[in-house]
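Read the structure below first, then the notes.
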Amino acid sequence: GNEEVSVGSIVHIEVNGSEHLFTIVGEWEADPAAKKISHESPLGKALMGKRVGDIVDVEAPAGKIIYKVKDIK
C-alpha cells in the first residue's frame, strides 16, 4: 500500500543486503532486542513518514547506514 510509517507500523527494511522487521513504538515500549524501536530513536525518526521504496540514511557512530523501506504493515 501507500502507507506512511507511523507509530505502530511494522517496517520491513533492507540494510547491507540483509532484511529486518522493525516495529515503531512509543518511547516507553521500545525494546531494541525485540526489534521494537522508539519513534524518537535516530532510526525511528528517520523512518517516520517514509513510504515503501524510500531510502533512509542514518548517521551512526561507525558511519552512514543506508536503509531501504521494502514494506510497511
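The values are calculated or read from the model by the stated rules, or taken from the named source; none is laboratory data. Everything numeric here is computed off the predicted structure, so don't read it as measured data. Here the Cβ positions follow ideal geometry from the backbone for every residue, glycine too, while neighbour counts run over all protein chains shown. Surface accessibility is based on the protein's heavy atoms, side chains included, excluding ligands, DNA and RNA. Shrake-Rupley method; radii C 1.70, N 1.55, O 1.52, S 1.80 Å.
The listed residues are GLU14, GLU27, and the only one of them that is touching a residue at least 24 places away in the same chain (Cβ under 8 Å) and farther than 17 Å from GLU3 by Cβ turns out to be GLU14.
Rundown of residues vs (1) surrounded by 16 or more Cβ atoms within 10 Å (Cβ to Cβ); (2) in a loop (DSSP other than H, G, I, E, B); (3) modelled with pLDDT of 95 or more; (4) not acidic (Asp, Glu), yes/no style:
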| site | (1), (2), (3), (4) |
| --- | --- |
| ILE24 | yes, no, yes, yes |
| GLY44 | yes, no, yes, yes |
| ARG51 | no, yes, yes, yes |
| GLU59 | no, no, no, no |
| ILE65 | no, no, no, yes |
| LYS68 | no, no, yes, yes |
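Taking (1) open to solvent by 60 Å² or more (accessible area, probe 1.4 Å); (2) under 11 Å from the mean Cα position of the chain (by Cα); (3) at pLDDT 95 or above in turn, SER9 satisfies each apart from (1). When LYS35 is tested against (1) at pLDDT 95 or above; (2) surrounded by 14 or more Cβ atoms within 10 Å (Cβ to Cβ), exactly one condition is not met: (2).
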